[in-house]
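**Student:** Below you will find the structure I want to go over with you.
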Amino acid sequence: MSVELLSRLQFAFTIAFHYLYPPLSIGLGVVLVLLEGQYLRTGDKVWEQLTRFWIKIFALIFGIGVATGIVMEFEFGTNWATYSRYVGDIFGSALAAEGIFAFALESGFLGILIFGWNRVSPRVHFFSTVMVALGSMFSAIWIVVANSWMQTPAGFRIEGEGFLARAVVTDFWVMVFNPSSIDRLIHVLLGSLLAGAFLVMSVHAWYIWKGRFVDASKKAFRAALFVATIAALAQLFSGHRSAKYVAEYQPAKLAAFEGHYDSLAVADLFLFGITDPETQKTKGVAIPGMLSYLIHDDFSKPVPGLNAFPIQNRPKQVNFVFQTYHLMVAIGMALIGLTLLASVLLWRGQLFGQRWLMRIFIPAVLLPQVANQLGWYSAEVGRQPWVVYNLLRTSDALSKAVNAGQVWFSLILFTFVYTLLFALFIYLLNKKIQHGPDGVEESVPDYSKRFR
């Protein structure tokens, strides 16, 4: 394998593994605010015990997330030195803002969140919970800003030439509010809310299915379902807006999303299918003209296809991008259906009597995580061959002194270490879930027969 492919695989592996944790901490932070807010509002100790239980899991997720994220910063220097030189002024300012405004806020109040029970007043503790939740969101803001600038660069100028060229910030706020940053941030935050909410629903669905902590689990499930339903529905509109910005600023990526090859023709919206780069055709089930309508509000208006762009300036892995994008959309629709079904049954007072549905919610925790990963694959592979869109090619962003053997060795080492970390995470998470929330009644006689 080439150094470029190995370096891309290494970074993809490390960031994909790291990206399991930040969405969980963001979504779980919001659920914690709801749980503790209910405790302050009602004085019901069950809400307090639920909050204490999920804070322990939040701390575990936060710790593993920090440990797995550090590696990526070193990879910028070891594998992508040219890229680091080129975007250092841009990326460095965003990462500095994350450290000052986000990580410091989150980690500073995390100590109160974990150890502040019975040491500070309930309102101060609730304030620390809110600050931790906001800190996790602020962290996402600056990371998304940095990545969005790579997708739609703005607020900069290029200094130097050739190998020494670099992008310099001319307007910080134009860089921050580049054309794609807001839409992409909303999409990421909604995906994170789904990840955190579905983790809570999965665990408490398991408790209900097993007949453990049933009353408390009903309370937590309702709170998480409220978050998940709103996020799932909002994600549908957010996804549409994101696709429209891609159509305007990265039309080759949109063409890869839908396997649209014709240079300029009415574009169908595929529900599923497969692309063939040899014949430049996509076969599957499609709604005629629907992509044209979604982009232009006109079924007959043409959309640029892949053949409208030079072959060296468009994605090569078209079928991979097509499949990951459509799987993400399919999972998103499934999440909408699942949350709406549960919400209707809850409104009718029938939700927690549906044993089969509780069983579905247990593994459903994987769906938002898979969708988040697929969305990232689609966005990043669809951007190729550019690491900074239309400015810096991925092949030109590599470190000149790194060889394939060195990348292979580090990739194997990272795989080994991350596998151990993941095993440790699953072991500790399972141990905490098996133990359950302290101070909450283990089983409730009124419900024990129903959930046997």
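The values are calculated or read from the model by the stated rules, or taken from the named source; none is laboratory data. Predicted model only: the values in this text are computed from it and were never measured. Glycine also receives a Cβ, built like all others from the backbone with ideal geometry; neighbour counts cover every protein chain displayed.
**Student:** Please determine, by comparing only the residues of the range 334-350 that are touching a residue at least 24 places away in the same chain (Cβ under 8 Å) and not β-branched (Val, Ile, Thr), which one is farthest from Ser192 (Cα to Cα).
**Tutor:** Leu346
**Student:** Name the one entry in Arg52, Arg8, Arg41 that is surrounded by fewer than 21 Cβ atoms within 10 Å (Cβ to Cβ), charged (D, E, K, R) and either in contact with a helix residue (DSSP H, G or I) (Cβ under 9 Å, 6 or more places away or on another chain) or not in a helix (DSSP H, G or I) (or both).
**Tutor:** Only one candidate passes the filter, namely Arg41.
**Student:** Kindly indicate the residue of the range 140-166 that is among the hydrophobic types (A, V, I, L, M, F, W, C) and part of a loop (DSSP other than H, G, I, E, B) and also modelled with the highest pLDDT among those meeting that condition.
**Tutor:** Checking each candidate, the answer is Ala154.
**Student:** Scan Ala379, Ala397, Ala371 and give me the residue that is aliphatic (A, V, I, L, M) and out of contact with any helix residue (DSSP H, G or I) (no Cβ under 7 Å at 6 or more places or on another chain). Even if it seems obvious, please write down each step before you answer.
**Tutor:** Details: Ala397 fails: out of contact with any helix residue (DSSP H, G or I) (no Cβ under 7 Å at 6 or more places or on another chain); Ala371 fails: out of contact with any helix residue (DSSP H, G or I) (no Cβ under 7 Å at 6 or more places or on another chain).
Within the list Ala379, Ala397, Ala371, the selection yields Ala379.
**Student:** Further, regarding this structure: Would you call Val87 under 30 Å from Asp396 (Cα atoms), surrounded by 22 or more Cβ atoms within 10 Å (Cβ to Cβ) and touching a residue at least 12 places away in the same chain (Cβ under 8 Å)?
**Tutor:** When the stated conditions are applied, Val87 passes them.
**Student:** Does the range 274-290 hold any residues that are assigned to a strand (DSSP E or B), in contact with a strand residue (DSSP E or B) (Cβ under 7 Å, 6 or more places away or on another chain) and without any contact (Cβ under 8 Å) to a residue 40 or more places away in the chain, and which are they? Spell out how you get there, then give the answer.
**Tutor:** Step one: filter the range 274-290 for residues assigned to a strand (DSSP E or B), giving 274-276, 281-287.
Now restrict to residues that are in contact with a strand residue (DSSP E or B) (Cβ under 7 Å, 6 or more places away or on another chain): 274-275, 282-287.
Of everything in the range 274-290, those that are assigned to a strand (DSSP E or B), in contact with a strand residue (DSSP E or B) (Cβ under 7 Å, 6 or more places away or on another chain) and without any contact (Cβ under 8 Å) to a residue 40 or more places away in the chain turn out to be Lys283, Gly284, Val285, Ala286, Ile287.
**Student:** Confirm whether Ala232 is at pLDDT 90 or above, more than 15 Å from the chain's Cα centre (by Cα) and at negative phi. Give the derivation first.
**Tutor:** Details: at pLDDT 90 or above: yes; more than 15 Å from the chain's Cα centre (by Cα): no; at negative phi: yes.
Judged against the criteria, Ala232 is not a match.
**Student:** How many residues are surrounded by fewer than 18 Cβ atoms within 10 Å (Cβ to Cβ) and assigned to a helix (DSSP H, G or I) when one looks only at the range 106-129?
**Tutor:** Of the residues in that region, 9 qualify.
**Student:** Continuing with this model, one more query. Only residues that are under 19 Å from the mean Cα position of the chain (by Cα) and without any contact (Cβ under 8 Å) to a residue 12 or more places away in the chain: list them for the range 42-72, please.
**Tutor:** Gly63, Val66, Ile70
**Student:** Without any contact (Cβ under 8 Å) to a residue 24 or more places away in the chain, farther than 26 Å from Ser181 by Cα and assigned to a helix (DSSP H, G or I): does that describe Gly99?
**Tutor:** So Gly99 fails the test.
**Student:** Please find, within the range 122-139, the residue that is nearest to Pro22 (Cα to Cα) out of those that are more than 21 Å from the chain's Cα centre (by Cα) and modelled with pLDDT of 90 or more. I'd like the intermediate steps shown before the answer.
**Tutor:** Within the range 122-139, the subset more than 21 Å from the chain's Cα centre (by Cα) is 122-129.
Of the ones still in play, those that are also modelled with pLDDT of 90 or more are 123-129.
Details: Arg123: 26, Val124: 25, His125: 22, Phe126: 21, Phe127: 21, Ser128: 18, Thr129: 16 Å.
Residue satisfying both the conditions and the ranking: Thr129.
**Student:** Give me the residue from the range 155-188 that is aliphatic (A, V, I, L, M) and within 21 Å of Pro385 (Cβ to Cβ) and, out of that set, surrounded by the fewest Cβ atoms within 10 Å (Cβ to Cβ).
**Tutor:** Ile158
**Student:** Follow-up. In this structure, does Gln317 turn out to be of a type in the set (S, T, N, Q), out of contact with any strand residue (DSSP E or B) (no Cβ under 6 Å at 6 or more places or on another chain), closer than 21 Å to Leu6 by Cα and surrounded by fewer than 21 Cβ atoms within 10 Å (Cβ to Cβ)? Spell out the reasoning first.
**Tutor:** Details: of a type in the set (S, T, N, Q): yes; out of contact with any strand residue (DSSP E or B) (no Cβ under 6 Å at 6 or more places or on another chain): yes; closer than 21 Å to Leu6 by Cα: yes; surrounded by fewer than 21 Cβ atoms within 10 Å (Cβ to Cβ): yes.
For Gln317, the condition - of a type in the set (S, T, N, Q), out of contact with any strand residue (DSSP E or B) (no Cβ under 6 Å at 6 or more places or on another chain), closer than 21 Å to Leu6 by Cα and surrounded by fewer than 21 Cβ atoms within 10 Å (Cβ to Cβ) - is met.
**Student:** Select from the range 39-75 the residues that are farther than 21 Å from Ala195 by Cα and among the polar types (S, T, N, Q) and list them in ascending order.
**Tutor:** Thr42, Gln49
**Student:** If you scan the range 124-142, which residues turn out to be without any contact (Cβ under 8 Å) to a residue 60 or more places away in the chain and of a type in the set (Val, Ile, Thr)?
**Tutor:** Answer for the range 124-142, where residues must be without any contact (Cβ under 8 Å) to a residue 60 or more places away in the chain and of a type in the set (Val, Ile, Thr): Val124, Ile141.
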